[in-house]
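Structure first, commentary second.
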Amino acid sequence: MSQIPALEVENLTKKIKGKQIIKGVSFTLVPGEVFGFLGPNGAGKTTTIRMIVGLISPTSGTIKIGGKNVRTEFTEAMRHLGCIVENPELYPYLTGWENLVHFQKMDSSIPKTRLNEVIELVGLQNRIHDRVSTYSLGMRQRLGIAQALLGKPKVLILDEPTNGLDPAGIREMREFIRQLAREENLSVLVSSHLLSEIQLMCDRVAIISKGAVLRTDSVDNLLAEQERVIWRAEPLSLAKEILSLETEVTEGPDDTLITLYNEPLLPDWNEKLVNAGVKVKEMRTQLPSLEDLFLEVTGGESID
Amino acid sequence: MINLVRNEMLKLLRKKRLYVIILIIAFLVPLFTYAQFKEIQDQREKMGNQDWRTTLQQEITDTQNRLSSSRIQDEWRKFLKIRLSQQQYYLENDIDPRAPGAPTFMRIFVENSIDLLLPLLVMVIVADLVSSESSGGTIKLLLTRPVKRWRILLSKYLAMLLSISFIVLSVAVLSYGISGVVFGYGGWNMPLLTGFTVSGDELLTENVHIVPQWQYILMEFGLVWYVCMIVGTLTFMLSVLLRSTAAVMGIMLASLIAGAILANMVSSWESAKYFFMVNLNLTNYVSGMATPIEGMSLGFSMSVLAVWGIAGFIIAFVTFSKRDIY
């Protein structure tokens with residue numbers, strides 16, 4: 001790719017009190033993509049994110065935001081970054097407007113007109129002059145995003161963005177993030193421990209567990225790899241016997257058999273079944289959920 | 001930088017801390033004014049119906065008699081002469097030294113609040129300056145801006161400096177304004193003695209001279225501001241180190257009160273003079289009160305405070321710019 005990556009994380013490690021918390025994490029975000037950071041609680045997602053945004057200094061490794069090194073060119077790197085780390089904690093005793101003005105003043109490159117733009121973008125026009133302490137969690141989340149978008153960043157980092165939102169709020173947030181990536185060519189890094197969320201929101205995923213990235217790939221690829229075929233046939237035992245000779249078979253619910261998806265061989269398998277007198281009633285492919293995938297990649301580690 | 005300081009001032013104002021402080025002062029000053037008023041009344045009653053001018057005239061005669069005695073030391077003679085000129089000034093200008101005007105009240109008020117009351121008020125403002133950002137989580141937003149960490153902390157320090165100056169100024173204005181209603185607003189030029197030094201049990205008077213009260217008050221307010229800045233800096237450091245505002249307040253409160261207690265007990269424990277809290281009573285050096293520990297002087301106390309202040313400042317900035325924020 002000829003473009004500069006929006007975010008480049010290379011061989012990041014962090015040692016706290018002699019204990020290796022993060023063990024060499026690397027990944028790259030290209031402009032306009034939504035990248036999922038998936039892992040159970042305590043896998044090191046938040047620590048990695050805090051290193052990217054400059055709150056924690058890494059033990060080794062480099063982080064570049066828009067080509068600028070966070071360590072050596074902190075202010076330049078931060079110009080390209082907008083983030084919400086964990087909860088959107090704003091000043092509750094200030095109004096939404098004052099909060100935004102506060103952060104706008106901290107970066108001389110942001111014009112005052114930008115305030116109304118971001119307020120409109122997140123749809124907070126009606127309540128912007130109320131105190132933040134009177135806001136609902138969803139409104140705080142939106143104000144948090146407005147704050148993150150103030151500096152027209154190239155990279156937006158959202159740590160658990162749907163935490164504590166109701167289903168409607170989650171859906172709204174998801175669409176909003178996709179829209180930002182599509183229309184503003186923004187790269188978004190989203191961390192979550194919710195697989196369904198990442199599956200619906202992201203183009204690519206990194207699966208992280210115990211401080212290391214286990215896999216990085218596009219959501220489609222990861223899923224395709226685990227695509228299955230569900231068979232419904234009679235008699236089931238005979239079908240299983242025949243298929244077992246060809247591939248790995250497991251018994252599924254409701255009298256079904258599950259095999260791997262292997263397009264060129266499928267007709268052969270079917271033919272063999274038919275020749276043996278098995279009545280094949282149904283053959284369908286199924287994409288696994290990221291949940292199955294995750295369990296497979298991490299070797300069965302639970303993901304609450 | 002100006003924008004950053006403005007941000008900090010806005011947050012301070014919105015937290016309403018400064019109003020609370022003004023309210024506290026506005027409540028205490030009338031209280032003390034009344035106490036002072038009662039005391040003066042009491043004194044007058046003791047003296048009976050005698051006019052203060054007669055009393056003062058008697059004192060002058062007494063001083064003159066002592067001066068004419070040939071056995072007194074030169075140094076003492078000089079002191080008495082200064083005393084005499086002070087007393088004569090009172091008489092000539094029709095000033096009752098025992099009936100204070102607002103400036104005198106102001107002076108007595110700061111002299112008595114320099115070691116505890118004012119540091120406490122400063123603490124109320126400064127204690128949560130940084131720790132509230134840590135405990136509220138807003139520090140994460142503050143430190144992910146394109147602004148270096150030391151600049152953010154410096155803006156907070158400057159906001160502290162402004163608020164402390166504001167507190168000291170409002171103490172001056174409120175104590176003058178409110179007490180003047182009872183005592184009258186005059187007395188700026190009343191001569192006062194200063195320049196006492198203490199050596200052992202003796203009060204040395206060789207450097208004693210007269211200054212007009214306004215100059216005296218200016219000097220004392222300078223010292224008060226200095227003490228408040230040092231206490232502020234130390235509180236500021238604790239606020240950086242600790243996440244909990246209550247812990248910051250607790251530690252500062254304990255040290256300030258310990259200082260007040262120690263000052264009365266440590267006369268034989270000499271190294272205690274290096275504690276900052278024993279050195280807060282700078283105005284005592286101006287008015288010539290005995291020091292808690294031998295060998296303390298205005299210069300010594302100011303240097304001890306400066307060392308504590310500079311150390312606190314450095315610790316605050318170094319930890320703040322290096323620390324990992326979880």
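The values are calculated or read from the model by the stated rules, or taken from the named source; none is laboratory data. Fair warning: this is a prediction, and the values are worked out from it, not measured in the lab. Note: ideal-geometry Cβ built from the backbone for every residue, glycine included; neighbour counts use all protein chains shown.
If you check A:Val9 against the conditions, is it crowded, with 18+ Cβ neighbours inside 10 Å, closer than 30 Å to A:Arg131 by Cα and β-branched (Val, Ile, Thr)? Even if it seems obvious, please write down each step before you answer.
Working: crowded, with 18+ Cβ neighbours inside 10 Å: yes; closer than 30 Å to A:Arg131 by Cα: no; β-branched (Val, Ile, Thr): yes.
Spelling it out, it is not the case that A:Val9 is crowded, with 18+ Cβ neighbours inside 10 Å, closer than 30 Å to A:Arg131 by Cα and β-branched (Val, Ile, Thr).
Need pairs with beta-carbon distance below 6 Å; first residue in contact (Cβ under 8 Å) with a residue 12 or more places away in the chain and away from every other protein chain (no Cβ under 14 Å) and within the range B:1-30, second surrounded by fewer than 18 Cβ atoms within 10 Å (Cβ to Cβ) and part of a helix (DSSP H, G or I); sequence gap 6+ or separate chains.
Short answer, once both residue conditions are applied: B:Ile22/B:Ser170.
Hey, which of the helices (runs of 4 or more DSSP H) in the range B:93-173, taking only ones fully inside, have at least 2 residues that are closer than 25 Å to B:Ile25 by Cα and aromatic (Phe, Trp, Tyr)?
Ranges flagged: B:102-113.
Of the residues A:Thr75, A:Thr28, A:Thr48, A:Thr95, only one is without any contact (Cβ under 8 Å) to a residue 40 or more places away in the chain, of a type in the set (S, T, N, Q) and under 19 Å from B:Gly137 (Cα atoms); which?
Going through A:Thr75, A:Thr28, A:Thr48, A:Thr95 in turn, the sole match is A:Thr95.
Conditions: (1) farther than 30 Å from B:Leu91 by Cα; (2) at pLDDT below 75. B:Val248 meets all but one. Number of the miss?
Unmet for B:Val248, out of (1) farther than 30 Å from B:Leu91 by Cα; (2) at pLDDT below 75: (2).
Any idea which of (1) within 12 Å of chain B (Cβ to nearest Cβ); (2) assigned to a loop (DSSP other than H, G, I, E, B); (3) touching a helix residue (DSSP H, G or I) at 6+ places or on another chain (Cβ under 6 Å); (4) under 15 Å from A:Leu156 (Cα atoms) is the one A:Glu86 doesn't satisfy?
Result: A:Glu86 passes all but (3).
Tell me, which residue of the range A:27-51 that is small (Gly, Ala, Ser) and surrounded by 15 or more Cβ atoms within 10 Å (Cβ to Cβ) is nearest to A:Val70 (Cα to Cα)? I'd like the intermediate steps shown before the answer.
Start the filter on the range A:27-51 by keeping residues that are small (Gly, Ala, Ser), which leaves A:32, A:36, A:39, A:42-44.
Retained after the next criterion (residues that are surrounded by 15 or more Cβ atoms within 10 Å (Cβ to Cβ)): A:32, A:36, A:39, A:43-44.
Working: A:Gly32: 21, A:Gly36: 21, A:Gly39: 24, A:Ala43: 23, A:Gly44: 19 Å.
Top of the filtered list is A:Gly44.
Out of the range A:96-134, which residues are at the interface with chain B (Cβ under 9 Å from one of its Cβ atoms) and of a type in the set (Ser, Thr, Tyr)?
A:Ser108, A:Ser109
With outside any loop (DSSP other than H, G, I, E, B) and surrounded by 14 or more Cβ atoms within 10 Å (Cβ to Cβ) as the only criterion, which of B:Met302, B:Met296 stands out? Walk me through it before giving the result.
On the way: B:Met296 fails: outside any loop (DSSP other than H, G, I, E, B).
One residue alone meets the criteria, B:Met302.
Does A:Ala168 meet the test of being surrounded by 18 or more Cβ atoms within 10 Å (Cβ to Cβ), among the small types (Gly, Ala, Ser) and either in a helix (DSSP H, G or I) or within 14 Å of chain B (Cβ to nearest Cβ) (or both)?
On the way: surrounded by 18 or more Cβ atoms within 10 Å (Cβ to Cβ): no; among the small types (Gly, Ala, Ser): yes; either in a helix (DSSP H, G or I) or within 14 Å of chain B (Cβ to nearest Cβ) (or both): yes.
No.
Within the range A:91-102, is even one residue within 21 Å of the chain's Cα centre (by Cα), among the acidic types (Asp, Glu) and either part of a helix (DSSP H, G or I) or buried (at least 16 other Cβ atoms within 10 Å of the Cβ) (or both)? Spell out how you get there, then give the answer.
Within the range A:91-102, the first condition is being within 21 Å of the chain's Cα centre (by Cα), and the residues that meet it are none.
No, there is no match, as no residue in the range A:91-102 is within 21 Å of the chain's Cα centre (by Cα), among the acidic types (Asp, Glu) and either part of a helix (DSSP H, G or I) or buried (at least 16 other Cβ atoms within 10 Å of the Cβ) (or both).
Filter the range A:13-25 for residues that are touching a residue at least 40 places away in the same chain (Cβ under 8 Å) and within 13 Å of chain B (Cβ to nearest Cβ); which is surrounded by the fewest Cβ atoms within 10 Å (Cβ to Cβ)? Quick ask: steps written out before the conclusion?
Taking the range A:13-25 as the starting set, the residues that turn out to be touching a residue at least 40 places away in the same chain (Cβ under 8 Å) are A:13-15, A:20-25.
Restricting the remaining residues to those that are within 13 Å of chain B (Cβ to nearest Cβ) gives A:14-15, A:21-22.
On the way: A:Lys14: 23, A:Lys15: 13, A:Ile21: 17, A:Ile22: 26.
In this case the residue turns out to be A:Lys15.
Any idea which residue in the range B:291-310 is nearest to B:Arg151 (Cα to Cα), counting only those that are in contact (Cβ under 8 Å) with a residue 12 or more places away in the chain and out of contact with any helix residue (DSSP H, G or I) (no Cβ under 6 Å at 6 or more places or on another chain)?
If we filter the range B:291-310 for residues that are in contact (Cβ under 8 Å) with a residue 12 or more places away in the chain, which is where we start, we get B:291-298, B:300-302, B:304-306, B:308-309.
Narrowing further to those that are out of contact with any helix residue (DSSP H, G or I) (no Cβ under 6 Å at 6 or more places or on another chain): B:291, B:294-295, B:297, B:300, B:302, B:306.
Working: B:Thr291: 40, B:Glu294: 42, B:Gly295: 40, B:Ser297: 36, B:Phe300: 32, B:Met302: 28, B:Ala306: 22 Å.
Out of the qualifying residues, it is B:Ala306.
What number of residues within the range B:121-141 satisfy the criterion of being hydrophobic (A, V, I, L, M, F, W, C) and under 16 Å from B:Lys322 (Cβ atoms)?
Going through the range B:121-141 one residue at a time, the tally reaches 2.
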